[in-house]
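The values are calculated or read from the model by the stated rules, or taken from the named source; none is laboratory data. The model shown is predicted, which means the values in this text are computed figures rather than measured ones. Using ideal geometry, Cβ is built from the backbone for each residue, glycine included, and neighbour counts are taken over all protein chains shown.
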């Protein structure tokens, strides 16, 4: 009887594990498709399937083996009267822990991939715009910062990012050479001095803004503006 119960226990765990593996695979795969709104080539989809499979293997086998060993050694071997009730409790606990771990693992790898896409200059403006629209906590500011400093970000996207409440995002917009002139002018009046201080190193910042910042109330901003004004004059005189 004990052998039969243990065999049933293993079969049930294997069945639940297969279900969680499939759920994790499709969750990760779906998130990656959302991160790539443009049509995917067959080769890209194939690599995405392989990547999803590795994520499932890495997360599932680690978490599931730990839960299985703990549950089996605790419940199956410690009591000779291993009842169906205890088997149910063990399975429910294992399912809950494994589902939480696998989903969180898939979500983490998905978010890391999105951050890489937001940072890459090879990412098309349309995809960057999709990433901007789909940003969600707790990665929203991290995505915004990468989009703000990406040289492939469109003028309209940079214009929207310049209104972000996060100072780090606006700072990166101020340093992006693709930022439109009207946005640079608005950022020269930003309440955060660190944002204004990021304008002088930007090669797209006109001298008129640098001259304005050379009289800024903040010493760091004034020094940066004067330094880059002198540098431009020296280069022009050569």
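Report the residue count in segment 120-143 for those that are more than 10 Å from the chain's Cα centre (by Cα) and assigned to a helix (DSSP H, G or I).
Counting residues in segment 120-143 that are more than 10 Å from the chain's Cα centre (by Cα) and assigned to a helix (DSSP H, G or I) gives 9.
Quick one: which helices (runs of 4 or more DSSP H) sit completely within segment 164-238 and have at least 2 residues that are in contact (Cβ under 8 Å) with a residue 12 or more places away in the chain and within 21 Å of residue 144 (Cβ to Cβ)?
Counting at least 2 such residues, we get 167-174, 181-187, 193-197.
At pLDDT below 95 and buried (at least 22 other Cβ atoms within 10 Å of the Cβ), is that true of residue 207?
Here the answer is no, as residue 207 does not meet what is asked.
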